[in-house]
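Asks: Could you have a look at this structure, given as structure tokens, before my questions?
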Amino acid sequence: MSDITAATTAEAAGDRLDKNWMIDKGLQALMFICGFSAIIFVLGIFIFVFKEGAEFVAHKMDFAEFFFSPKWRPTSLSNPTYGILALIAGTAAITALSMAICLPFSLGAAVFIGEFAKGKTREYLKILIELLAAIPSVVWGFIGLAIMNPFIIKTFDVPIGLNVLNSSLILALMAAPIVTSLAEDALKAVPDAYREAAEALGATRWQMIYKVIIPAAKNGLLSAALLGVGRAFGETMAVLMASGHSINMPTSMFDSVRALTATIAAELGETPVGSDHYQALFAIGIFLFIITFVINLAADLIVRGVRKG
Amino acid sequence: MFAATERDFQYKRTEKMFRALFGFMVLILAIPVLMILAILLIKGGPAISMAFIFTDPTNGMTEGGIFPALLGTIWLVVVSMMASVPLGIAAAVYLSEYAPDNWVTRAINLATINLAGVPSIVHALFGVGAFVVFFRFGTSILAASLTLAVMTLPVVIVSSWEALQSVPRAFREACWNMGATRWQTIWNVVLPNSIAGILTGVILQVSRAAGETAPIMFTGAALFLPFLPESVFDQTMALALHLFVVATQVPGVPEQLPYGVALVLIGIVMIMNTLSIWFRMKLRGKKKW
């Protein structure tokens, strides 16, 4: 107590350089550095991933081959080729199908939990969603491998169950809790005054949801959907284990494919540090980083638009 | 005077229909997952015993237990926690208590969101480039834990920030009016009132770090090691990677073994998350404001 009094009198005397004041300023600087570390890490990720891949991108990479050739043959002795088109197609197919499955259900579930469910039901559903979101991706991959694989083979009568469909189902179930809880947050962010006004006008609950709440929350919902896409796009272990991991331009959902993320995970361990192959994997990493950065930035800008408006 | 018209009944029907439809969507999402968890429990349950948890894997990992992997996961989680928890809480304190509303603060927030959104395999590449190669930690517990720490930092920042924000502004104002400095207010008033909320975030960080595979694959976790790690510069086995290995890399593994590993991993994560939820609920009941 006495040192607080001391601080006041010191300030009153115009002498601000007392001990407590210095501690305060010192710790403020320290906290700022810790806060700033988030920026340093994002820059660090970009710099270090770029550093390892830069030589390949600058000197050895043929842009046309990299993006438009489906031939990923980094281990060929005579003529290694580094085309990621098939990997992009694999990732795109899995992401698109998983989101087509996940988004309608998650947004619907968010509306139910946020607007229809009440009291205990809502509480329990939210806990359930939080727990489901915590299941590690390697466990999902194992589920794809051990449970979905035989299930798909039996149900659709196809020779291989590790394919676009399998990994999309897994990713959809994985991303659903995240999209649902983000979308529910977006619905919750709509001011209660909107609900009260709608009810005062005699709207039923559904009319209120459909005509007032969803339009008011649409940016938040869109951003939740985008973050879901980012999540599916960047998922690694589950896709590695459930997609079949064979290089293919997919023509149906029963084709095995290979994803960008899974390629890095499967091959990085076998490549010597500094080799062309190693650098090419880092070049894929740069590509992944840029795409997810853009997705996250877009999601953030969309939400910010809501707050300003 | 206000008798229900045909139109009112129609509205009621529409509402019931949509309520049922959206409720059905919740079930569609939840039931398959619950079924899958039940299958894991039925198939993995018999594999789990005290011996499974406390013995080494033997015979090319097709028999025996998971002890070194479990111990390795504890190493990784503890070391990553030591790095990300103080850093994350300090960052949250800055964002919640000091940060002015300017572009630096917005950039920090954006960076936090991005850190959470970067794919785990890109974090792994960063770990290899920065900790393994550049800082010369080699493939070690230290490199793997630091990679995990960077990856889980947003979890700590966001949940600590929420806990700090839930302390009413009047508490701070009362303290400032007594002539306390900002730091005295934070240390004596804000942190004691939000410590339980911060703790739930720490628990979530642990659960997240325990389940990650990709970031540790190339930075410090090994497929198999015949000895236990003795310092942070050793490599280690880890539970999440062990599941990947027994599920995909080793031929002739009996069916129930990977189910058992998956069940232990999911058990750890679920216990951690339940603990964090329980903590939060207890907290809500105890709040004085």
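Asks: May I ask for the net charge around A:Ile209, where only other residues with Cβ less than 11 Å from the Cβ of A:Ile209 are counted and Lys, Arg are +1 while Asp, Glu are -1? It would help to have the intermediate numbers written out before the result.
Replies: On the way: positive: A:Arg195, A:Arg205, A:Lys211, B:Arg19; negative: A:Glu115, B:Glu15.
Its environment carries a net charge of +2.
Asks: If each of B:Ala107 and B:Thr5 carries a label point 7 Å out from its Cα toward its Cβ, how far apart are those two points in nm?
Replies: 6.1
Asks: A further question follows. Give me the inter-chain shielding for B:124-137: mean count of other chain Cβ atoms within 10 Å, whole number please. Show your work: numbers first, answer last.
Replies: On the way: counts 7, 14, 11, 2, 9, 12, 8, 1, 1, 5, 5, 0, 0, 0.
Taking the mean over all residues of the peptide, I get 5.
Asks: Viscosity 1.002 mPa s, temperature 20 °C: Stokes-Einstein D of the range A:121-267 from its Kirkwood Cα radius, in µm² per second? Intermediate values should be presented prior to the final figure.
Replies: On the way: Rh = 17.3 Å.
So the translational diffusion coefficient is about 124 µm²/s.
Asks: Also, I was wondering about something else. Which whole DSSP H helices in chain A pass both tests: a Cα extent of 27 Å or more along the axis and a mean Kyte-Doolittle value no lower than -0.5?
Replies: Values: long enough: A:19-55 (52 Å, 1.16); A:85-111 (38 Å, 1.96); A:164-188 (34 Å, 1.28); A:276-308 (47 Å, 1.22).
Those that clear 27 Å and a mean of -0.5 are A:19-55, A:85-111, A:164-188, A:276-308.
Asks: What would the Debye equation give as log₁₀ I(q)/I(0) for chain B at q = 0.11, 0.13 Å⁻¹, counting only Cα atoms as equal point scatterers?
Replies: -0.81, -0.99
Asks: Once you average over the residues of A:266-275, how many Cβ atoms of partner chains fall within 10 Å of each Cβ?
Replies: Details: counts 2, 0, 7, 4, 0, 0, 0, 4, 1, 0.
Partner-chain Cβ atoms within 10 Å, mean over residues of A:266-275: 2.
Asks: Among A:Gly108, A:Gly220, A:Gly141, which one moves the most in a GNM of chain A with springs linking Cα atoms closer than 10 Å?
Replies: A:Gly108
Asks: Can you give me the distance in nm between label points at B:Leu275 and A:Ile153, each placed 7 Å from the Cα along the Cα-to-Cβ direction?
Replies: Computed distance between label sites B:Leu275 and A:Ile153 equals 3.9 nm.
Asks: Take chain B, connect every pair of alpha-carbon atoms lying under 10 Å apart with a spring to form a Gaussian network, then pick out the residue of B:Leu41, B:Leu223, B:Leu29 with the largest mean-square fluctuation.
Replies: It is B:Leu29.
Asks: Counting Lys and Arg as +1 and Asp and Glu as -1, each charge on the Cβ, what is the dipole of chain A about the Cα centre in debye, to the nearest 20?
Replies: On the way: 22 positive and 24 negative charges, 148 e Å.
So the magnitude is around 720 debye.
Asks: Pick from A:Phe116, A:Phe293, A:Phe41: which is most flexible by mean-square fluctuation in a GNM of chain A where alpha carbon atoms under 10 Å apart are linked?
Replies: Of the options given, A:Phe41 has the highest mean-square fluctuation.
Asks: Give me the dipole magnitude in Debye, nearest 20, for the protein assembly as shown about the Cα centre, with unit charges on the beta carbon: positive for Lys and Arg, negative for Asp and Glu.
Replies: Numbers: 40 positive and 37 negative charges, 356 e Å.
The dipole of the protein assembly as shown has a size of about 1700 debye.
Asks: So, counting K/R as plus one and D/E as minus one, what does the shell of residues with Cβ under 14 Å around B:Gly23 add up to?
Replies: Values: positive: A:Lys118, A:Arg122, A:Arg205, B:Lys16, B:Arg19; negative: A:Glu115, B:Glu15.
So the environment of B:Gly23 carries a net charge of +3.
Asks: Taking a quarter of the surface of the convex hull around the Cα atoms of the protein assembly as shown, what do you get in nm²? Working shown, then result.
Replies: On the way: hull surface 135.5 nm².
Averaged projected area of the protein assembly as shown's Cα convex hull equals 33.9 nm².
Asks: So, one more: Please compute, for peptide A:152-165, the average count of beta-carbon atoms on other protein chains lying within 10 Å of each residue's beta-carbon.
Replies: 0
Asks: Rounded if a/c is under 1.5, else prolate if a/b beats b/c, else oblate: with a ≥ b ≥ c from the C-alpha gyration tensor eigenvalues square-rooted, which is chain A? Mind dumping the intermediate values first?
Replies: Working: a/c = 2.45, a/b = 1.25, b/c = 1.96.
Here chain A falls in the oblate category.
Every number in this text was worked out from the coordinates using simple rules, so none of it is lab data. Just so it is clear, the model here is predicted, and its values are computed rather than measured. Counting neighbours? That spans all protein chains shown, and the Cβs are built from the backbone with ideal geometry, glycine included.
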